[in-house]
Each structure stands twice: as C-alpha cells, then as structure tokens.
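Have a look at the structure below before the remarks.
Derivation of every value follows stated rules applied to the coordinates shown; laboratory data play no part. Everything numeric here is computed off the predicted structure, so don't read it as measured data. Reconstructed Cβ throughout: ideal geometry from the backbone, glycine too, with neighbour counts over all protein chains shown.
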Amino acid sequence: MHISPRIDNAVRILLEIALVQQDSLDTAAVKAESIAAAQSIPSKILESAAAELRRAGLVTSRRGPEGGYRLSRPAAEISIADVIRAVEGPLASVRGQRPEDVRYPGAAAPLQQVWVALRVNIRAVLERVTIAQIAAGELPEFIDELTANPDAWRRRPGVAVTNGQDIERGRSPQP
C-alpha cells in the first residue's frame, strides 16, 4: 500500500487539531499557521489538504481573527480509513475499480479473491485506529502486537524507490 503525501498531510493536520480539541468540539479553532509550523507542512499544501478534509466533512473552518479549523466530530469517531477515503477514495482499488468489480479470465480468475482479501486486511487495521488514539499516543494493542514482530520492520527485496522512481534492485537507473 502506498501512503501518499496527501494522506500523510491530512492525517497530521487532523492530529494537530485533535490535540487541541481533545474531543471537545467547543474549543477554539486551530490556526492554519499553528498546524503548518507544528507539522512542517507548507501553507499552500496545508490549505489544499484542509479544503479536502472540509469537503469530506471531517473539519469545519472559519475565517477571521477567531478563525481556524475544528474537527466536525470527535476524534474518536474518525478512523485513518475515513481520512484515506476522504482524500484519495477507496482503500484498495485495482486499475481504478473496486476489487469486487474486477474480473479476470482463465488462470488469473482467483486473483480477484487475493485483492478482496488484501482490502479486508487493510480495513482490519485502518478502520480500527482513530485520530484520537494516535493524538493521545495510545495505539490499540493489536498495533503493538503487529509491530512487535521484528519481521514487520524488515524490508523485502524487490523494487527500490529512488527520487520518486522505481528502480529494480541490482540495476542502474536509466537516464
């Protein structure tokens, strides 16, 4: 799974707001400048990401001296999956289609089940981790169990990414 900069920025914006709000939707709005400084997100990128979050109904915004951003619902009700869907759409897609809509002929026919199973596993993590849990530094126990395995931290051989381009390991990049 690829976590794009858009997803990463959106999650970090929500975390900063959640830290201030602490599940009280009545607190003061968090200024864009404050979020940008705390997370080292350039202002233009923050504005774009915040606009996506606003359109998705995850934050509200207000202009002016008392303006800024607020969560539109408690942080405990916003999962990482919600953020990904708001910013980039479905958690898993195959050539732009949902896994259940993809059909393959012949020997590839069972591949659809692999893609559906992948989505199930992505959901199993991302739908169970909330903005509130991350902001509080209290991740669910299953995250600790998954990351306690040293194999979880080990890179697999295959394709390396250098300067945003995929390069097969062992081969020189082509100019």
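So which residues in segment 59-87 are in contact with a helix residue (DSSP H, G or I) (Cβ under 6 Å, 6 or more places away or on another chain) and not β-branched (Val, Ile, Thr), if there are any at all?
Those that are in contact with a helix residue (DSSP H, G or I) (Cβ under 6 Å, 6 or more places away or on another chain) and not β-branched (Val, Ile, Thr): Ser61, Tyr69, Leu71, Ala75, Ala76, Ala81.
Look at segment 41-74 and say how many of its residues are in contact with a Phe, Trp or Tyr (Cβ under 8 Å, 6 or more places away or on another chain), among the aliphatic types (A, V, I, L, M) and in a strand (DSSP E or B).
1
Determine which member of the set Ser79, Ser4 is surrounded by 18 or more Cβ atoms within 10 Å (Cβ to Cβ), in contact (Cβ under 8 Å) with a residue 40 or more places away in the chain, closer than 23 Å to Val125 by Cα and of a type in the set (Gly, Ala, Ser).
Ser79
Name every residue in segment 20-40 that is of a type in the set (A, V, I, L, M), buried (at least 16 other Cβ atoms within 10 Å of the Cβ) and part of a helix (DSSP H, G or I), in order of residue number.
Selection gives Val20, Ala32, Ile35, Ala36.
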